[in-house]
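To start, the structure itself, in structure tokens.
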Amino acid sequence: MSAHPATVRPHTGSSHGWGLVDARRKEELIRAIAAGRDTAGPLHAELDLTDRCNVACYFCNQQDTRTKLQIPLERVVELIDEMAEAGLASVRLSGGGDPLHHREILAVLDHFEARGVVLDNLTTNAVSLTPAVARRLVDQEAREVNVSLNTVDGADYRRMMQVKPAVFDRVLDNVRHLLAVRGERRLPIVTLQFLLDRHNAERALEMDDLTREIGADRIVLSAVQQIPDDRLAAADLLDAGDGERLLPVFTELYRRHPPGDSLDLELNLDVQGLGPMLAAARRRAGAAPASPFPIAPSFRAEDGGCFFAWYSTAITGNGNVYPCCQLIRPKGPVMGNVLEDGAAGVWHGERYARLRGEMREALLDGADRTLDPARFEILDPVCHTPGRCWLKTMYFQWDDAFYARLHEALEGARTNRARVRAARGAAAAVAGRLPWLAPAVDRLRDASRPLRVWLRHRLGLDLTEAA
Ligand code: SF4
Ligand code: SF4
């Protein structure tokens, strides 16, 4: 890892695969972004192996799109082989349904190992975290296992996950077993995640107690958020009005986690309007833990646009591909289908080319960018609206060397784009004064398009914005 000493992330679990990308690959990525051309393939893939799940969380944002489908083992093997040939270094197994509910999960994990693809993150409810799975996760040095536990007792587990309370005890046994198999080894980092709503947020200290008692490495407390079609009752969701009631609880939580504490704490409550309460709690506690996502000195807001179209991809249980997990939703932008076109067919296809063009424009626009629907067909307002997407920079913003070099390359591309626009403006002005020249200029532009596209894709010479 090339990291500024002051900005190394405190915990070394999952990183959206970034911890596995070496300096050479980062440079390839930067050059491709600046030139607007493809990379050989994604370096990281979010893979929803199956839409099937064995619990029924009331807050599940996939409940309207969930099917009984799973990617058959032979297709998973083909997919991993194809992407590994093109440089895939890591995968994340998360949504759709529960990844461990895939009928052939052991064979899938074995194939990752055979192809040298690292399991960067597994997010699971842990109901099917069997001893055989635990053994593989430890032996393969999976980076992080994120267990969605959500509550501290069987009765509340039934309320949230809508299954028998006894399942809660089984999950705890499974997590304890994983930690016992890991023993003194460092990986996988084990995180317990709790989703807070109006009924359980006051139990945050009990969640902290349980996490310490089990011996996990991290605790993440996040707010339940509204799901598509406003299916959740507003009365169940936290909002700013809960701040006063929760302030003493979170002040005490911060006190329990002084800098350097052995249990990492991450709180994601800002989206539900509880940022001011957390700030007040930090002030009252006096000392707060360091952010798990520090920002490098070279990181500038103007370079903080998304570069996932060159770096990673998200594949669902029916084979559909999305730019990232945040955009997997009923009307989200589908980039293609890997079961029909193969991974390379989708990655080098028209939709990804369009997405790269849009992301590059947004990156070059820098901090001044505004979402103009006419310019952006695939990128979503969530990608542009400040504060709506944390994913695009959270795992990378600590990387001083990367953002210094990216800034240099983007500045070059910005200058180049400005020159091309100025030349176009001048040509348009001339054509306006000499209208009889316009048909010849149009013919020249059409005839030179393949050459300009070739120059941009092969040599990074940006003489066209029309490609
Ligand atoms: S465990 Fe995940 S996929 Fe399953 S119901 Fe809950 S939120 Fe949905
Ligand atoms: S900006 Fe965020 S939501 Fe949009 S594609 Fe990138 S990671 Fe996904």
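None of the figures in this text is laboratory data; all of them are computed from the coordinates on show. Because the structure is predicted, anything quoted here is derived from the model rather than measured. Every residue, glycine as well, gets a Cβ built from its backbone with ideal geometry; the counts of neighbours run over all protein chains shown.
Counting alpha carbon pairs within less than 8 Å and at least 6 residues apart, what relative contact order, in whole percent, applies to the range 150-245?
In percent, rounded to a whole number, it is 27.
Can you put Trp390, Trp436, Trp310 in order of Cβ neighbours within 10 angstrom, beginning with the fewest?
With the fewest neighbours first, Trp390, Trp436, Trp310 line up as Trp436, Trp390, Trp310.
Which links in Lys68/Lys331; Lys26/Lys392; Lys68/Lys392 stretch past 25 Å when you go from one Cα to the other?
Correct reply: Lys68/Lys392.
With a cap of 15 neighbouring Cβ atoms within 10 Å, and only residues DSSP puts in a loop, list the GluC sites (Glu not before Pro) found in the range 136-186.
Those satisfying the criteria are Glu141, Glu184.
Which angle between 0 and 90 degrees, to the nearest 10, do you get for helix 438-454 versus the longest principal axis of the chain when only C-alpha atoms count?
Between the helix axis and the principal axis of the chain, the angle is about 50 degrees.
In whole angstrom, how far apart do the alpha carbon centroids of the range 80-119 and the range 390-442 sit?
38 Å
Rounded, prolate or oblate: pick one for the range 225-337, where a ≥ b ≥ c are the square roots of the eigenvalues of its C-alpha gyration tensor, a/c under 1.5 means rounded, and failing that, prolate if a/b is larger than b/c, else oblate.
Cα axes put the range 225-337 in the oblate bin.
Just to be sure I understand the model, the point goes 7 Å from the Cα along the line to the Cβ. What's the resulting Glu252 to Asp446 distance in nm?
7.5 nm
Please list, in order, the residues from the range 41-56 whose amide nitrogen is less than 13 Å from a point placed 7 Å along the Cα→Cβ vector of Glu85.
Within reach of a label on Glu85, which here means backbone N under 13 Å from a point 7 Å along Cα→Cβ, the range 41-56 contributes 41.
Looking at the chain only, what percent of DSSP beta bridges run antiparallel? Nearest 5 please.
Just about 15 percent of them are antiparallel.
Please work out whether the chain counts as rounded, prolate or oblate from its C-alpha gyration tensor, where a ≥ b ≥ c are the square roots of the eigenvalues and a/c under 1.5 means rounded, while otherwise a/b larger than b/c means prolate and anything else oblate?
Here the chain falls in the prolate category.
Run the helix sum for the chain: -39,500 (n - 2.57) per DSSP H stretch of 4+ residues, divided by residue count, reported at 222 nm to the nearest 500 deg cm²/dmol.
Dividing the helical sum by the residues of the chain leaves -13000 deg cm²/dmol.
Among 419-426, 220-227, how do they line up by average Cβ neighbours within 10 Å per residue, starting with the highest?
Per-residue Cβ counts within 10 Å, averaged per peptide and sorted highest first, yield 220-227, 419-426.
Mind checking the angle between helix 243-256 and the chain's longest principal axis? C-alpha axes, 0 to 90 degrees, to the nearest 10.
So the helix axis and the longest Cα principal axis differ by about 80 degrees.
Using the Cα gyration tensor of the range 216-286, with a ≥ b ≥ c the square roots of its eigenvalues, what is the shape: rounded (a/c below 1.5), prolate (a/b larger than b/c) or oblate (neither)?
Oblate, because a/c is 1.5 or more while a/b does not exceed b/c.
Would you mind putting 442-450, 261-269 in packing order, based on average other-beta-carbon counts within 10 Å, highest first?
The packing order, highest mean first, is 261-269, 442-450.
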